[in-house]
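Right, one structure below, let's go through it.
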Amino acid sequence: MYVSRVEIDDKNRRKIRDLTHLGAYHNWVENSFPNEIAQQERLRHLWRIDQLHGKRYLLIVSQEKPNLDKLQRYGVPDTAMVKDYRPFLSKIHNGQVMHFRLVANPSYRTDGKVYPHITVEQQKKWFIERTEKAGFIIATSNAGKMQFDIVDRSWPILYHKNRVKLSQVTFEGELVVTDEDQFKRTLTQGIGREKAYGMGMLTVIPLRS
C-alpha cells in the first residue's frame, strides 16, 4: 500500500482548467496508474482534496505506486510524493489514540434509491453508527463528550450522465483504535459511498499509545 500527495497548481489557471468537477479529479487519479490501464486491471484508489495553509493537495491511497509524471499533471512541479504506507500501518495497535480527518458522503438507501443525510445531527449519527465496524470508537473527554465535530459541509458537482451535486462532509476529532486489523482495512478501503469521487478516505495522526 502507498500514500501519495501532490500540491495542486491553483496559481496556473490554464493548467488546471479541466478540473471543474469531481469526475475530472477522478480521471486525474485513474490516469496516474498507467500500468493498471495497460493491463486492464483497475484497482480501487482512495483519494481526496485537502487544504493546508492556503494550498490544495491531492491525496491518494493505493495498492500500487502511481506514475509521478502523471500524478503531477495538474500539480506544482516537484511536489509529488509517494510513501510506502505499510510501515505506518504495521505500528497501529489497539488502544492507540489518534487525531483523525474523514471526508465522507453520509447517505442512506430507501426504496432502491440513495439519498444524502442533510442535517448536522443526521450526519453525525451516520458517522457514529459506522465507527465500531470500522475498528475504532470516538474518544471522549473527562466529561463524557465525544471528541469530534463537522468542520466543513459542501456540495461539489459531478458530471456523470447528468449534472448532480454530492453531499461532502468533513469530520475531525480524536479516536481510539479498538480492532487494529479492521482499522487498517478502513484506512486502506475507506468509509461510506462515492469513494471514486473523493469521499471515504480516513487519515490519522497518532497522539499517544
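Any read-out appearing in this document is the output of simple, stated calculations on the displayed coordinates, not a laboratory observation. Computed from a prediction, not measured in an experiment: that's the story for all the values here. Positions of Cβ are generated from backbone atoms using ideal geometry, with glycine treated the same way; all protein chains shown enter the neighbour counts.
Per the Kirkwood definition applied to all pairs of different Cα atoms, how many angstroms is the hydrodynamic radius of the chain? Walk me through the intermediate numbers first.
Values: mean 1/r = 0.0554 Å⁻¹.
Answer for the chain: a Kirkwood hydrodynamic radius of 18.0 Å.
Name the lysines eligible as straight-distance cross-link partners of Lys15: C-alpha to C-alpha under 20 Å, and not fewer than 8 places from it in the same chain.
The reachable lysines, counting only those whose Cα sits under 20 Å from Lys15, are Lys55, Lys70.
Add -39500 (n - 2.57) for each DSSP H run of 4 or more in the chain, then divide by its residues: what number comes out at 222 nm, to the nearest 500 deg cm²/dmol? All intermediate terms of the calculation are to be shown ahead of the outcome.
Details: 6 runs with 46 residues, N = 209.
Computed ellipticity for the chain at 222 nm equals -6000 deg cm²/dmol.
Choose one of Phe100, Thr178, Gly135: the residue whose Cα lies farthest towards the positive end of the charge dipole of the chain (beta-carbon charges +1 Lys, Arg; -1 Asp, Glu; about the Cα centre).
Farthest towards the positive end: Phe100.
Towards the positive end of the charge dipole of the chain, with charges on Cβ (+1 Lys, Arg; -1 Asp, Glu), say which of Asn12, Pro34, Gln122 has the farthest Cα.
Asn12
Roughly what angle does helix 22-31 make with the longest principal axis of the chain, taking Cα atoms, 0 to 90 degrees, to the nearest 10?
Helix 22-31 sits roughly 70 degrees off the main axis of the chain.
Report, ordered by chain and residue number, the lysines lying within cross-link reach of Lys125, taken as a straight Cα distance under 21 Å and ignoring same-chain residues fewer than 8 apart.
The reachable lysines, counting only those whose Cα sits under 21 Å from Lys125, are Lys113, Lys133, Lys145, Lys195.
If I model a spin label at Asp50 and Ile137 as a point 7 Å from the Cα along the Cα→Cβ vector, what separation in nanometres do I get?
Each label point is offset 7 Å from its Cα along the Cβ direction, giving 2.7 nm.
Given H placed on each backbone N at 1.01 Å, which residues far from Asn94 in sequence or on other chains put an amide H within less than 5 Å of it?
Long-range HN contacts for Asn94: Glu180.
For an R0 of 30 angstrom, estimate the FRET efficiency from the Cβ-Cβ distance between Arg153 and Asp181 and round to the nearest 0.05. Write down the numbers at each step before the final one.
Details: r = 32 Å, r/R0 = 1.06.
So, using R0 = 30 Å, E works out to roughly 0.40.
In degrees between 0 and 90, to the nearest 10, how far off the longest principal axis of the chain does helix 120-131 point, with axes built from Cα atoms?
Orientation of helix 120-131: about 80 degrees from the principal axis.
In whole Hz and in residue order, list the ³J(HN,Hα) couplings for segment 58-69 that follow from phi through the Karplus curve 6.51 cos²θ - 1.76 cosθ + 1.60, θ = phi - 60°; x for Gly and Pro.
9, 10, 9, 10, 8, 6, 10, 6, x, 7, 4, 5
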